[in-house]
Amino acid sequence: MASLRDLGLSEYEARAYRALLRSGPTTAKELSRTSEVPMGRIYDVLNGLEQHRLVRSQAASRPKKYVAVEPDVGLDRLLEAKQRELDEQAEQYAETVETLTNDLEATAPVNGQFWTAAVGPEETLELLVERIDAADDSLHIVGGTPAAGLDLRNASGRIVDGLEAALARGVDVKLLVTPAVVANLPDDTIETYDARLSDHDNYAVRTHDTIEGTFTLIDGVEVCLEVPNPLDPQQAFAMIDLKDRSFAADVREVFQPRWEHADPLQLPKQH
């Protein structure tokens, strides 16, 4: 059940404010009685309500009287204060994350090797998005089959979000696909990629006839390889994420000449 305490008031402050709304202008002594706030606490409570800008006082009267501001005004003020508090907390958390990122930064051994795998379309997508989010320098994405677990059609929103964020932090993104992949995409998916990514100088997309498989080369040291379903090659079965500098270098040697001889993507004509 919603409570004024959810917006930052103490129990006594909430009681006093409600009592003031019922009573109209009243003295501290009378408010203590009607709100059941101890007399020894009532002035501290009224000071707190004044700081929240929920009451006004009539200092000229003897004894001094207090009146509550209207509920809609008072609640708006409490909401604004809570939003400021949350914004400050968010900034503090962001600073904490930045500090911890520097403290926890790990450097992989030059010849270190590690691999992991995800099985199933959802798990595959989660792994790919995670690794896109982890990129610091470059993303070379190859989609060689119409199914591409890259899933440009069904998961385009999440993929584009990840690529857009990567571009914003300075990651070089190159997307190389076959004409068959492009032909199997709806025009609106292609247009979404173009509208959100093409304005970035560090983004480029090309097409090439002779590429096979689907993979993502990350920072030149890590490769996400899609494994198609053997029962239905049009569906992704799994994805293997392999950190191996030697293997990544071999992948880049295959990618680079195809990229250099690829054609810029031709967008569908508008009707």
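Read the figures in this text as sums done on the coordinates, not as results from a lab. Since we're looking at a predicted model, the values are computed, not measured. Ideal geometry is used to build each Cβ from the backbone, glycine not excepted, and the neighbour counts take in all protein chains shown.
Descriptive notes on the structure:
- FRET efficiency for the Ala60 to Lys29 pair, using the beta carbon distance and R₀ = 30 Å, is estimated at 0.95.
- Folded to 0 to 90 degrees: helix 71-104 orientation relative to the chain principal axis, Cα: 40
- Panel order for Tyr12, Tyr17, by other beta carbons found within 10 Å of each beta carbon, from fewest to most: Tyr12, Tyr17.
- Student exercise, the range 1-105 dipole from Lys, Arg, Asp, Glu Cβ charges, in Debye to nearest 20: 1360
- Fully extending the segment from Asp201 to Asn47, taken as 0.36 nm per residue of separation minus the present Cα-Cα distance, adds 49.8 nm.
- Burial ordering of Val171, Val254, fewest other beta-carbon atoms within 10 Å first: Val254, Val171
- Residues of type lysines that Lys174 reaches as a straight line, Cα spacing below 22 Å, ignoring anything fewer than 8 places off in the same chain: Lys243
- All lysines inside 28 Å of Lys29 as judged from Cα atoms, apart from same-chain residues fewer than 8 positions distant: Lys64, Lys65
- For the chain, the longest principal axis of the Cα atoms and the long axis of helix 39-51 meet at an angle of about 50 degrees.
- From the C-alpha gyration tensor of the range 114-264, square roots of 5λ in Å: 19, 18, 16
- In this structure, Gln256 and Ala90 have a Cβ-Cβ separation that, at R0 = 41 Å, corresponds to a calculated FRET efficiency of about 0.45.
- In the range 154-260, GluC sites (Glu not before Pro) in a DSSP loop with at most 14 other beta-carbon atoms within 10 Å: Glu212
- Relative contact order, percent, the range 114-264 [alpha-carbon distance under 8 Å, six or more residues apart]: 31
- Pairwise label distance in nanometres, Asp263 with Thr116, each label 7 Å out on the Cα-Cβ vector: 4.0
- Based on Cα contacts under 8 Å between residues 6+ apart, the chain shows a relative contact order of 17 percent.
- Square roots of 5 times each gyration tensor eigenvalue, C-alpha, the range 1-105, largest first, Å: 36, 13, 12
- Per residue, the Cα convex hull of the chain amounts to 228 Å³.
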